[in-house]
Amino acid sequence: AIPLVLAGRDVMGLAQTGTGKTAAFGLPLIHQLLGNHDKRQAKSIKALILAPTRELVNQIAVNLREYVQGTHLKVMTVVGGVSINRQIENLNRGTDILVATPGRLIDLIDRRAVNLSKTHYLVLDEADQMLDIGFMPAIKRILKLLPKKRQTLLFSATMPKEIAALSRDHLQNPVEVSVTPVAKTADKISQSVMHLPPEGK
(Lines give C-alpha, C1' and ligand atoms only; values in the text may rest on other atoms or scores of the structure.)
Protein backbone atom coordinates (compact mmCIF):
# COMPACT_ATOMS: atom_id res chain seq x y z
CA ALA A 1 0.00 0.00 0.00
CA ILE A 2 2.82 2.44 0.81
CA PRO A 3 4.06 3.15 -2.77
CA LEU A 4 0.43 3.51 -3.93
CA VAL A 5 -0.35 6.07 -1.20
CA LEU A 6 2.88 7.94 -1.99
CA ALA A 7 1.81 8.03 -5.64
CA GLY A 8 -1.42 9.77 -4.56
CA ARG A 9 -3.73 6.84 -5.38
CA ASP A 10 -6.92 6.04 -3.48
CA VAL A 11 -6.49 2.66 -1.79
CA MET A 12 -8.96 0.05 -0.59
CA GLY A 13 -7.19 -2.28 1.83
CA LEU A 14 -8.58 -5.62 2.97
CA ALA A 15 -6.76 -6.75 6.08
CA GLN A 16 -7.45 -8.07 9.56
CA THR A 17 -6.54 -6.08 12.68
CA GLY A 18 -2.88 -6.47 13.59
CA THR A 19 -1.51 -6.68 10.03
CA GLY A 20 0.27 -3.30 10.07
CA LYS A 21 -2.43 -1.05 8.62
CA THR A 22 -1.43 1.96 10.75
CA ALA A 23 2.06 1.88 9.23
CA ALA A 24 0.60 1.22 5.75
CA PHE A 25 -1.38 4.47 5.78
CA GLY A 26 0.47 6.42 8.50
CA LEU A 27 4.01 6.43 7.11
CA PRO A 28 3.20 7.59 3.56
CA LEU A 29 0.67 10.10 4.92
CA ILE A 30 3.30 11.62 7.21
CA HIS A 31 5.81 11.67 4.33
CA GLN A 32 3.36 13.68 2.22
CA LEU A 33 2.48 16.06 5.07
CA LEU A 34 6.17 16.74 5.69
CA GLY A 35 6.38 18.02 2.12
CA ASN A 36 3.47 20.39 2.76
CA HIS A 37 4.70 23.57 4.45
CA ASP A 38 1.32 25.33 4.70
CA LYS A 39 0.83 26.80 8.16
CA ARG A 40 -1.78 25.26 10.43
CA GLN A 41 -4.99 27.24 10.38
CA ALA A 42 -7.45 27.59 13.25
CA LYS A 43 -9.95 24.71 13.40
CA SER A 44 -8.48 23.16 10.22
CA ILE A 45 -6.99 19.70 9.82
CA LYS A 46 -4.83 18.41 6.98
CA ALA A 47 -5.45 14.66 7.42
CA LEU A 48 -8.45 12.95 9.02
CA ILE A 49 -8.43 9.35 10.26
CA LEU A 50 -11.77 7.87 11.34
CA ALA A 51 -11.89 4.76 13.51
CA PRO A 52 -14.83 3.03 15.25
CA THR A 53 -13.78 3.05 18.92
CA ARG A 54 -11.96 5.22 21.44
CA GLU A 55 -9.47 2.39 22.04
CA LEU A 56 -8.59 2.12 18.36
CA VAL A 57 -8.32 5.91 17.97
CA ASN A 58 -5.88 6.06 20.89
CA GLN A 59 -3.89 3.08 19.57
CA ILE A 60 -3.53 4.71 16.11
CA ALA A 61 -2.54 8.03 17.71
CA VAL A 62 0.16 6.38 19.87
CA ASN A 63 1.75 4.88 16.73
CA LEU A 64 1.47 8.09 14.72
CA ARG A 65 3.03 10.15 17.52
CA GLU A 66 6.01 7.79 17.48
CA TYR A 67 6.29 8.19 13.70
CA VAL A 68 6.21 12.03 13.83
CA GLN A 69 8.76 12.40 16.65
CA GLY A 70 11.36 15.00 15.74
CA THR A 71 9.13 16.60 13.07
CA HIS A 72 6.87 19.67 13.22
CA LEU A 73 3.74 17.53 12.68
CA LYS A 74 1.02 17.47 15.31
CA VAL A 75 -1.35 14.55 15.98
CA MET A 76 -4.63 15.07 17.89
CA THR A 77 -7.47 12.77 18.93
CA VAL A 78 -11.17 13.39 19.50
CA VAL A 79 -13.32 10.70 21.11
CA GLY A 80 -16.45 10.54 23.22
CA GLY A 81 -16.36 10.10 26.98
CA VAL A 82 -13.91 12.96 27.61
CA SER A 83 -14.36 16.74 27.89
CA ILE A 84 -15.57 18.21 24.60
CA ASN A 85 -14.60 21.72 25.76
CA ARG A 86 -10.93 20.72 26.02
CA GLN A 87 -11.12 19.23 22.53
CA ILE A 88 -12.70 22.44 21.15
CA GLU A 89 -9.88 24.45 22.76
CA ASN A 90 -7.19 22.19 21.25
CA LEU A 91 -8.81 22.17 17.79
CA ASN A 92 -8.93 25.95 17.78
CA ARG A 93 -5.19 25.93 17.05
CA GLY A 94 -5.61 23.48 14.16
CA THR A 95 -3.72 20.22 13.65
CA ASP A 96 -1.94 18.23 10.96
CA ILE A 97 -3.51 14.84 11.72
CA LEU A 98 -6.79 14.28 13.55
CA VAL A 99 -7.75 10.75 14.64
CA ALA A 100 -11.43 10.64 15.59
CA THR A 101 -14.52 8.58 16.20
CA PRO A 102 -17.31 9.68 13.81
CA GLY A 103 -19.82 10.45 16.59
CA ARG A 104 -17.62 12.90 18.48
CA LEU A 105 -16.42 14.50 15.25
CA ILE A 106 -20.06 15.20 14.28
CA ASP A 107 -20.61 16.81 17.72
CA LEU A 108 -17.61 19.08 17.08
CA ILE A 109 -18.80 19.91 13.55
CA ASP A 110 -22.22 20.87 14.96
CA ARG A 111 -20.47 23.22 17.41
CA ARG A 112 -18.42 24.72 14.53
CA ALA A 113 -15.24 23.66 16.29
CA VAL A 114 -13.68 22.00 13.24
CA ASN A 115 -13.38 22.91 9.57
CA LEU A 116 -12.92 20.08 7.03
CA SER A 117 -12.59 22.27 3.92
CA LYS A 118 -8.76 22.01 3.96
CA THR A 119 -8.62 18.27 4.70
CA HIS A 120 -6.94 16.59 1.71
CA TYR A 121 -6.34 13.13 3.20
CA LEU A 122 -9.00 10.82 4.61
CA VAL A 123 -8.50 7.37 6.14
CA LEU A 124 -11.45 5.15 7.08
CA ASP A 125 -10.01 2.44 9.32
CA GLU A 126 -11.96 -0.71 10.29
CA ALA A 127 -14.80 0.45 8.01
CA ASP A 128 -16.83 -2.73 8.54
CA GLN A 129 -16.78 -2.19 12.33
CA MET A 130 -17.99 1.39 11.84
CA LEU A 131 -20.86 -0.02 9.76
CA ASP A 132 -21.72 -2.57 12.49
CA ILE A 133 -21.76 0.13 15.20
CA GLY A 134 -24.13 2.26 13.10
CA PHE A 135 -21.73 5.07 12.13
CA MET A 136 -22.53 5.00 8.41
CA PRO A 137 -24.90 8.06 8.47
CA ALA A 138 -22.23 10.07 10.37
CA ILE A 139 -19.51 8.99 7.91
CA LYS A 140 -21.65 9.98 4.91
CA ARG A 141 -22.28 13.38 6.49
CA ILE A 142 -18.55 13.88 7.14
CA LEU A 143 -17.70 12.86 3.54
CA LYS A 144 -19.99 15.61 2.20
CA LEU A 145 -18.01 18.24 4.12
CA LEU A 146 -14.62 17.19 2.73
CA PRO A 147 -13.11 18.65 -0.45
CA LYS A 148 -13.92 16.66 -3.59
CA LYS A 149 -10.24 16.69 -4.46
CA ARG A 150 -8.64 14.53 -1.78
CA GLN A 151 -6.91 11.21 -1.27
CA THR A 152 -9.09 8.56 0.39
CA LEU A 153 -7.86 5.31 1.95
CA LEU A 154 -10.38 2.73 3.15
CA PHE A 155 -9.33 -0.26 5.27
CA SER A 156 -11.67 -3.07 6.26
CA ALA A 157 -11.35 -6.67 7.42
CA THR A 158 -14.41 -7.65 5.34
CA MET A 159 -16.20 -6.09 2.40
CA PRO A 160 -19.96 -6.01 3.06
CA LYS A 161 -22.18 -4.51 0.35
CA GLU A 162 -22.50 -1.13 2.12
CA ILE A 163 -18.70 -0.74 2.35
CA ALA A 164 -18.28 -1.72 -1.31
CA ALA A 165 -20.92 0.91 -2.23
CA LEU A 166 -19.17 3.52 -0.07
CA SER A 167 -15.86 2.86 -1.82
CA ARG A 168 -17.51 3.07 -5.26
CA ASP A 169 -19.15 6.40 -4.39
CA HIS A 170 -16.28 8.10 -2.58
CA LEU A 171 -12.97 6.66 -3.82
CA GLN A 172 -11.48 7.69 -7.17
CA ASN A 173 -10.37 4.66 -9.19
CA PRO A 174 -9.06 2.85 -6.06
CA VAL A 175 -6.38 0.17 -6.07
CA GLU A 176 -7.26 -2.86 -3.95
CA VAL A 177 -4.60 -4.26 -1.63
CA SER A 178 -5.43 -7.48 0.20
CA VAL A 179 -3.36 -9.06 2.96
CA THR A 180 -5.41 -12.17 3.63
CA PRO A 181 -8.15 -13.76 1.55
CA VAL A 182 -11.74 -13.33 2.70
CA ALA A 183 -12.46 -15.77 5.55
CA LYS A 184 -13.66 -19.13 4.24
CA THR A 185 -15.74 -21.62 6.18
CA ALA A 186 -13.86 -24.80 7.11
CA ASP A 187 -14.60 -27.63 4.64
CA LYS A 188 -16.19 -29.93 7.24
CA ILE A 189 -18.76 -27.32 8.32
CA SER A 190 -22.04 -27.13 6.44
CA GLN A 191 -24.16 -23.98 6.59
CA SER A 192 -27.81 -23.28 5.87
CA VAL A 193 -30.22 -20.42 6.32
CA MET A 194 -33.81 -20.49 7.56
CA HIS A 195 -36.09 -17.47 7.01
CA LEU A 196 -38.59 -16.91 9.82
CA PRO A 197 -41.05 -14.17 10.72
CA PRO A 198 -39.95 -12.26 13.88
CA GLU A 199 -42.48 -14.11 16.08
CA GLY A 200 -41.15 -17.44 14.77
CA LYS A 201 -37.64 -16.80 16.04
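Working only within the stretch 11-57, note down all residues that are more than 30 Å from Arg86 (Cα to Cα), touching a Lys or Arg at 6+ places or on another chain (Cβ under 9 Å) and not hydrophobic (A, V, I, L, M, F, W, C).
Correct list: Gly13 only.
So which residues in the stretch 109-145 are touching a strand residue (DSSP E or B) at 6+ places or on another chain (Cβ under 6 Å), open to solvent by less than 70 Å² (accessible area, probe 1.4 Å) and more than 20 Å from Val177 (Cβ to Cβ), if there are any at all?
Hits for the stretch 109-145 are Asn115, Thr119.
It is to be established whether one or more residues within the stretch 178-193 are open to solvent by 60 Å² or more (accessible area, probe 1.4 Å), modelled with pLDDT of 90 or more and under 25 Å from Ala47 (Cβ atoms).
No, the stretch 178-193 contains no residue that is open to solvent by 60 Å² or more (accessible area, probe 1.4 Å), modelled with pLDDT of 90 or more and under 25 Å from Ala47 (Cβ atoms).
The rows are residues; the columns are (1) surrounded by 15 or more Cβ atoms within 10 Å (Cβ to Cβ); (2) closer than 20 Å to Arg141 by Cα; (3) in contact (Cβ under 8 Å) with a residue 60 or more places away in the chain.
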site	(1), (2), (3)
Leu29	yes, no, yes
Asn36	no, no, no
Ala61	yes, no, no
Val82	no, no, no
Gln87	yes, no, no
Val99	yes, yes, no
Pro102	yes, yes, no
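Are any residues in the stretch 39-59 loosely packed, with under 13 Cβ neighbours inside 10 Å and free of Cβ contacts under 8 Å to residues at least 40 places away in the same chain, and if so, which ones?
If the condition is that a residue be loosely packed, with under 13 Cβ neighbours inside 10 Å and free of Cβ contacts under 8 Å to residues at least 40 places away in the same chain, then Lys39, Glu55 are the ones that fit.
The values are calculated or read from the model by the stated rules, or taken from the named source; none is laboratory data. Remember, it's a predicted structure, so these values are computed and weren't measured experimentally. Cβ sites come from the backbone with ideal geometry, for glycine too, and all protein chains shown count toward neighbours. SASA here: full protein model, heavy atoms, side chains in, ligands and nucleic acids out. Shrake-Rupley method; radii C 1.70, N 1.55, O 1.52, S 1.80 Å.
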